[in-house]
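**Q** Sharing a structure here in structure tokens format.
Please treat every number below as a calculation from the coordinates, not as lab data. Small disclaimer: the values here were computed from a predicted structure and weren't measured. Here the Cβ positions follow ideal geometry from the backbone for every residue, glycine too, while neighbour counts run over all protein chains shown.
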Amino acid sequence: MPILMTAVLSLAIAWLRGAPPTGLANVRLRWLALPLVAFVIQIVTFVRLESALSAVAPGLHLLSLTLLAAFLAANARYRGLLVVGVGLLLNATVIGLNGGYMPVRLMDIERAGFYAVAATLREEGHFQKSTVLDERTRLPWLADVIPVPLPNGPDRLISIGDVFIAAGAFYFVQEALVGEKRRNALRMAPGAVATA
């Protein structure tokens, strides 16, 4: 949610800078199907068929992150997506080192008001994409340990990787919309010379 809010804020700022959101239709991204497939994998694995796929959920989680990484690599010409890639790498590292799940502290989950989620984590050791952060957790500082208060609640927990992803998403929107607007203006400027 905080990442989506950041992207929407960037769209609004780009619009104020003279680049309407409709300009995103002109952005050409390679391998656009990969993030869609990754999203479907995560929804099916952790929401729709969570019980049936619990044994292979960690592997499917890492597969979805690999697909996202391939998409970002294919579009590395956008510096904003490189920043997103750094965040994805940080998240994938802590997830991979902790059994395919993102660690989170039980007290943080309870403080955010997700008592049922905390109870499931306590009983089963994981809930959807999350697992319990404890003394065995590797690289706990990369886990979902940053609380983000939301105006209408409930609060969310994000990681350092998520911060990079949000910053990269913000930058990508500015780069894709405002940057393209400037390039078009330069091409149409009087006296502009086409170069071979």
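**Q** Quick one: 3J(HN,Hα) in Hz for segment 141-157, Karplus 6.51/-1.76/1.60 with θ = phi - 60°, rounded, Gly and Pro as x.
**A** 5, 8, 7, 6, 10, 9, x, 10, x, 10, x, 9, x, x, 5, 10, 10
**Q** Let me ask you something else. Out of all DSSP beta bridges in the chain, what portion is antiparallel? Express it as a percent rounded to 5.
**A** 55
**Q** Which label belongs to the value computed from this structure, given these candidates for Cα Rg over 2.2 N^0.38 Å: (1) 1.06; (2) 1.19; (3) 2.07?
**A** Given (1) 1.06; (2) 1.19; (3) 2.07, the structure-derived one carries the label (2).
**Q** Something else now. Hey, in the GNM for the chain with a 10 angstrom Cα cutoff, which one of A169, A52, A112 fluctuates hardest?
**A** Of A169, A52, A112, the most mobile in the Gaussian network model is A52.
**Q** What are the residues whose amide H is under 5 Å from the amide H of D155, where those residues sit 5 or more places off or on another chain and H is modelled from the backbone?
**A** For D155, the qualifying residues are L150.
**Q** Using only Cα atoms, tell me the angle between helix 33-43 and the longest principal axis of the chain; keep it within 0 to 90° and round to the nearest 10.
**A** That helix lies at roughly 20 degrees to the long axis.
**Q** Ok, one more. So between R17 and R122, what do we pick up on full extension, going 0.36 nm a residue minus the alpha carbon distance?
**A** On the way: separation 105, 0.36 × 105 = 37.80 nm, distance 4.80 nm.
The span from R17 to R122 would gain 33.0 nm if fully extended.
**Q** Charges only on Cβ, +1 for Lys and Arg, -1 for Asp and Glu: so what's the dipole of the chain about the Cα centre, in debye to the nearest 20?
**A** Charge dipole of the chain: 980 debye, to the nearest 20.
**Q** Here's another thing I want to ask about it. Once both axes come from the Cα atoms, what is the angle between helix 2-16 and the longest principal axis of the chain, in degrees from 0 to 90, rounded to 10?
**A** Result, in degrees: 20.
**Q** Sort 33-41, 102-110, 137-145, 20-28 for me by packing, meaning the mean count of neighbouring Cβ atoms within 10 Å per residue, highest on top.
**A** Packing proxy ranking, top to bottom: 102-110, 137-145, 33-41, 20-28.
**Q** Quick one: Cα centre-to-centre distance for segment 57-73 and segment 20-54, in angstrom?
**A** If you average the Cα positions of each part, the centres end up 11 Å apart.
**Q** Each residue of segment 106-120 in turn: what ³J(HN,Hα) in whole Hz from Karplus with 6.51, -1.76, 1.60 and θ = phi - 60°, glycine and Pro shown as x?
**A** 4, 5, 5, 5, 5, 4, 6, x, 9, 5, 5, 5, 4, 5, 5
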